[in-house]
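Structure first, then comments.
All of the numbers you see were taken from the coordinates with simple rules; none came from a lab. Remember, predicted model here, so these are calculated numbers, not experimental data. When we count neighbours, we look across all protein chains shown, and the Cβ atoms used for this are built from the backbone with ideal geometry, even at glycine.
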Amino acid sequence: MNKKIEKKKKFGQHFLRKQPVVDHMIDKVQISPNTYVMEIGCGDGFLTQSILQQTKCKELWVYEIDPEWANFVKNKIQDSRLKIFQENILELNFSVLESNKPWVLLANLPYQITFPIFFLLQRNKALFQEGVVMVQEEVAKKITATRGKGYSSTSLFLQYHFEFQLLEKIEPGAFSPPPKVFSRLIYFKPKFDLVQIPNEAEFWRFLKLCFLSPRRTLRNNLITTHCDLKKIPENLLGLRAQQLSFNDFLKIWEKIIQV
């Protein structure tokens with residue numbers, strides 16, 4: 001008798017159990033016989049198996065941190081296109097993906113590492129064509145927010161580098177075990193034709209200061225910094241950062257550095 005493998009809370013293991021959700025993920029992306037697909041965290045292979053059955057992808061590379069589930073899927077699915085790596089995605093040297101780019105990413109992401117994964121994707125976005133990932137509903141809203149609650153410098157940073165589209169909202173019952181929150185599918189595609197930002201690294205640091213305390217006005221967040229507030233229009237200083245757009249911030253930044 002096979003030993004039962006326990007789902008491990010430390011890895012955020014909530015396995016998808018709703019086939020229409022998986023179908024939606026796969027239908028949203030373009031996968032040809034030349035496409036290399038990546039999956040992060042295969043669990044028991046529910047999504048993995050569907051990708052291989054429903055597409056003619058060249059290969060599917062799976063990165064699974066849990067050796068028990070990695071071995072389970074390796075034994076369960078016999079397909080020469082499947083490559084399973086027992087590895088922490090956050091420690092992956094992405095240069096190994098270079099020769100097979102562009103990749104399509106399909107994944108049910110562990111909630112606690114969603115933002116670290118997106119920052120990794122940003123740093124390596126030239127390797128990716130597009131993707132659909134499952135994330136916590138609240139996180140999806142933060143990533144795609146353009147005003148108000150959840151809107152932050154991180155929202156602006158990720159939206160600068162990626163095109164996002166909110167897809168299906170998923171109830172807890174679609175998973176085993178059910179999480180305590182709703183989830184959301186989110187589509188992403190890297191952007192390469194970017195608006196030029198002068199002194200870009202400094203701009204993103206400036207944005208973090210603007211959002212330091214979301215309920216405070218721009219003036220109150222910047223008053224203790226080295227920014228010359230006289231260069232910022234008075235009507236903008238009286239607003240909170242969550243009321244301003246990327247273009248607003250860029251105009252403020254250009255005034256501050258006198259571009």
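Using the Karplus curve 6.51 cos²θ - 1.76 cosθ + 1.60 with θ = phi - 60°, work out ³J(HN,Hα) for each residue of segment 221-231 in order, rounded to whole Hz, and write x for Gly and Pro.
These are the phi-based 3J(HN,Hα) values: 6, 9, 4, 9, 9, 8, 5, 7, 5, 5, 7 Hz.
Could you order the peptides 87-98, 67-78 from most to least packed, using the average number of other C-beta atoms within 10 Å per residue? If you can, show how the numbers build up before the last one.
Values: 87-98: 12.7, 67-78: 15.5.
Those peptides, ordered most packed to least, come out 67-78, 87-98.
For the chain, take the longest principal axis of its alpha carbons; what is the angle in degrees between that and the long axis of helix 246-256, to the nearest 10 within 0 to 90?
So the inclination is approximately 40 degrees.
So how tilted is helix 200-210 from the main axis of the chain? Cα-based, degrees 0 to 90, rounded to 10.
80 degrees
Please state, rounded to one decimal and in Å, the Kirkwood hydrodynamic radius that segment 10-190 gives when every pair of distinct Cα atoms enters the mean of 1/r. Let's see the in-between values first.
Details: mean 1/r = 0.0609 Å⁻¹.
Final number for the Kirkwood radius of segment 10-190 is 16.4 Å.
In segment 10-190, what percentage of the DSSP-assigned beta bridges are antiparallel, given to the nearest 5? Could the numbers behind the result be given before it?
Details: 15 of 34 bridges.
The answer is about 45 percent antiparallel.
Can you give me the angle between helix 19-28 and the longest principal axis of the chain, using Cα atoms only, in degrees from 0 to 90, rounded to the nearest 10?
That works out to roughly 60 degrees.
Give a residue-ordered list of calculated ³J(HN,Hα) values for segment 174-183 (Karplus: 6.51 cos²θ - 1.76 cosθ + 1.60, θ = phi - 60°; whole Hz; x for Gly, Pro).
Listing the rounded values in order: 7, 10, 10, x, x, x, 8, 10, 7, 10 Hz.
Looking at the square roots a ≥ b ≥ c of the eigenvalues of the Cα gyration tensor of segment 200-256, which shape do they give, rounded for a/c under 1.5, prolate if a/b is larger than b/c, or oblate? Let's see the in-between values first.
Details: a/c = 1.18, a/b = 1.13, b/c = 1.04.
Because its axes are fairly even, with a/c under 1.5, segment 200-256 counts as rounded.
Could you size up the charge dipole of the chain around its Cα centre, putting +1 on the beta carbon of Lys and Arg and -1 on that of Asp and Glu, and report it in debye to the nearest 20?
On the way: 37 positive and 26 negative charges, 147 e Å.
Magnitude of the dipole: close to 700 debye.
Counting each DSSP H run of 4 or more residues in the chain as -39500 (n - 2.57), what helix-only mean residue ellipticity at 222 nm follows after dividing by all residues, to the nearest 500 deg cm²/dmol? Before the final figure, lay out each step's value.
On the way: 10 runs with 87 residues, N = 259.
Rounded to the nearest 500, it is -9500 deg cm²/dmol.
If N is the number of residues in segment 113-259, what value comes out of its Cα radius of gyration divided by 2.2 N^0.38 Å? Provide the component values of the computation, followed by the final result.
Details: Rg = 17.1 Å, N = 147, 2.2 N^0.38 = 14.7 Å.
Normalised Rg, Cα atoms only: 1.17.
Around Q13, which amide H atoms from residues at least 5 apart in sequence, or from another chain, sit under 5 Å from its own amide H, with H modelled in the peptide plane?
Distant-sequence amide H within range of Q13: K8.
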